[in-house]
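Structure first, then comments.
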Amino acid sequence: MRMRILIIEDEVTLNQTLSDGLKEFGYQSDIAENISDGRYMIDIRNYDLVLLDWMLPDGNGIDIIPEIKAKSHKTAIIVLSARDDKESEIAALKIGADDYIKKPFDFEVLLMRIEAKLRFGGSNIIEIGELIINPEEEKIIYQGESVELKGKPFEVLTHLAMRNDQIVSKEQLLDAIWEEPELVTPNVIEVAINQIRQKLDKPLEITTVETVRRRGYRFCFSGKA
Ligand code: CA
């Protein structure tokens, strides 16, 4: 799986340059131009890293750092700011940013800082009892044995497992996992869930995903068969 980066930045030329540059280096990136769009994206997708501008049209970027960290403490946050006083830098780091880069900055330097954060930011491996899901390598291990579940069903499982206990709707899964959700029918989710049950749950005699009627799906594996 490619690393996914969210750019929350209201300067259109800058966010486009960043997005294009990151794509060139193999990252997937999304752009939000204000806090409310950023919040929406963070809600529906898992990000490895967020590039966060300080001054946004609807508020201070750093104000949403606690929310991003509360949702996934593994999401690295780099604040991009025109403020060059040390108080601002300290404030951003104190509230939870992992790094602070002053504008204007050099793209190559930013890229290296991103790599450093992702390298040391820890892996996204999910471990629940004897079930281990490794999103980067698209691998599932249960009781030491690997399980053949790949592609979309794997991504659906990972997305749900990262939101342990939360109900996720079909629409949210479509938005988060399919590149062009408007081009597929919602039953692709049912197909993926069915694959998870046939290839993972059934042979291992566990239940990983439950259907919550009319609302969506929930990861429910607690580590016990
Ligand atoms: Ca700005």
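Each value in this text was obtained by applying a stated rule to the coordinates, not by laboratory testing. Predicted, not measured: the structure shown is a model, and the values here were computed from it. FYI the Cβ positions are ideal-geometry reconstructions off the backbone, even for glycines, and counts take in every protein chain you see.
Relative contact order for the range 126-219: what is it in percent, counting Cα pairs under 8 Å that are at least 6 residues apart? Please list the in-between numbers first.
On the way: 115 pairs, mean separation 26.9, N = 94.
Rounded, it is 29 percent for the range 126-219.
For Lys74, what residues show an amide H to amide H distance below 5 Å, using hydrogens built from the backbone and excluding near sequence neighbours?
Amide H neighbours of Lys74: none.
Can you compute the helix-only [θ] at 222 nm over the chain? Use -39500 (n - 2.57) per DSSP H run of at least 4 residues, normalise by all residues, nearest 500 deg cm²/dmol. Spell out each step's value before the answer.
On the way: 8 runs with 84 residues, N = 225.
Calculated from helices alone, the mean residue ellipticity at 222 nm is -11000 deg cm²/dmol.
For the range 71-84, in order, what is each residue's ³J(HN,Hα) by Karplus, 6.51 cos²θ - 1.76 cosθ + 1.60 with θ = phi - 60°, in whole Hz (x at glycine and Pro)?
Coupling constants for the range 71-84: 6, 8, 5, 8, 6, 7, 10, 10, 7, 10, 8, 7, 6, 10 Hz.
In whole Hz, what ³J(HN,Hα) sequence does the range 156-164 give by Karplus (6.51, -1.76, 1.60; θ = phi - 60°), x for Gly and Pro?
Along the range 156-164, the couplings run 5, 4, 4, 4, 5, 5, 6, 10, 2 Hz.
With the dipole of the range 77-141 worked out from charges on the C-beta (+1 for Lys and Arg, -1 for Asp and Glu) around the Cα centre, which of Ile95, Val109, Asn134 lies farthest toward the positive end?
Ile95
Tell me, what is the percent relative contact order of the range 4-120, built from C-alpha pairs under 8 Å that lie six or more residues apart? All intermediate terms of the calculation are to be shown ahead of the outcome.
Details: 182 pairs, mean separation 26.1, N = 117.
Reported relative contact order: 22 percent.
Restricting to Cα pairs below 8 Å that are 6+ residues apart, what does the relative contact order work out to for the chain? Please round to a whole percent. Could you put the intermediate results ahead of the total?
On the way: 353 pairs, mean separation 31.5, N = 225.
14 percent.
Under a Cβ-only charge scheme (Lys and Arg +1, Asp and Glu -1), can you give me the dipole magnitude of the range 4-120 about the Cα centre, in debye to the nearest 20? Walk me through the intermediate numbers first.
Values: 15 positive and 23 negative charges, 111 e Å.
Dipole magnitude for the range 4-120 comes out near 540 debye.
Among 130-138, 181-189, how do they line up from the highest to the lowest mean number of other beta-carbon atoms within 10 Å? Before the final figure, lay out each step's value.
Details: 130-138: 16.7, 181-189: 12.7.
Highest mean packing first, the order is 130-138, 181-189.
Compute the whole-percent fraction of alpha carbon pairs in the chain spaced more than 22 Å apart. Mind dumping the intermediate values first?
Numbers: 13611 of 25200 pairs.
That fraction is 54 percent.
Check Ala32: other-chain or 5+ apart residues with amide H under 5 Å from its amide H, H built from backbone geometry?
Ile7, Ile8, Glu9
Run through the DSSP bridge list for the range 32-171 and note the antiparallel percent, rounded to the nearest 5.
Numbers: 12 of 21 bridges.
DSSP beta bridges in the range 32-171 are roughly 55 percent antiparallel.
Per residue of the range 182-199, what does 6.51 cos²θ - 1.76 cosθ + 1.60 with θ = phi - 60° give for ³J(HN,Hα)? Whole Hz please, x for Gly and Pro, Karplus curve as stated.
My calculation for the range 182-199 gives 6, 9, 10, 8, x, 5, 4, 5, 4, 4, 5, 4, 4, 4, 4, 5, 6, 9 Hz in order.
Would you mind checking which residues have amide H under 5 Å from Leu56's amide H? H placed 1.01 Å from N; only 5 or more apart, or other chain.
Gly61
Please report, in debye to the nearest 20, how large the charge dipole of the range 114-225 is about its Cα centre when each Lys and Arg carries +1 at its beta carbon and each Asp and Glu carries -1 there.
Working: 15 positive and 19 negative charges, 82 e Å.
In total the dipole reaches around 400 debye.
Excluding residues on the same chain fewer than 8 positions from Lys69, give the lysines whose Cα lies under 25 Å from its Cα.
Lys23, Lys86, Lys94, Lys102, Lys103, Lys117, Lys170
If we count every other residue with Cβ under 13 angstrom of Tyr47's Cβ, Lys/Arg +1 and Asp/Glu -1, where does the sum land? Before the final figure, lay out the partial values.
Values: positive: Arg2, Arg4, Arg39, Arg45, Lys69, Lys71, Lys74, Lys117; negative: Asp30, Asp43, Asp48, Glu67, Asp98.
After counting each charged neighbour, the total is +3.
Quick one: dipole size for the chain, taken about the Cα centre, charges +1 on Lys/Arg Cβ and -1 on Asp/Glu Cβ, in debye to the nearest 20. Before the final figure, lay out each step's value.
On the way: 29 positive and 41 negative charges, 192 e Å.
Magnitude of the dipole: close to 920 debye.
Specify which residue in the list Ala70, Gly21, Asn187 is farthest towards the positive end of the charge dipole of the chain, using unit charges on the beta carbon of Lys, Arg (+1) and Asp, Glu (-1), about the Cα centre.
Selected residue: Asn187.
Just to confirm a number: summing +1 for Lys and Arg and -1 for Asp and Glu over residues other than Val184 whose beta-carbon lies under 12 angstrom from that of Val184, what do you get? Don't skip to the answer; put the middle values down first.
Working: positive: Lys152, Lys170; negative: Glu171, Asp175, Glu179, Glu180, Glu182, Glu190.
Neighbour charge sum, excluding Val184 itself: -4.
With only alpha-carbon pairs counted, each pair once and no self-pairs, how large is the Kirkwood hydrodynamic radius of the range 126-219 in angstroms?
Working: mean 1/r = 0.0746 Å⁻¹.
Kirkwood radius, the range 126-219: 13.4 Å.
Please give the net charge around Val147, taking every other residue with its beta carbon less than 15 angstrom from that of Val147, where Lys and Arg add +1 and Asp and Glu add -1. All intermediate terms of the calculation are to be shown ahead of the outcome.
Working: positive: Lys139, Lys150, Arg197, Lys199, Lys202; negative: Glu127, Glu130, Glu137, Glu138, Glu145, Glu148, Glu155, Asp201, Glu205.
So the surrounding residues net to -4.
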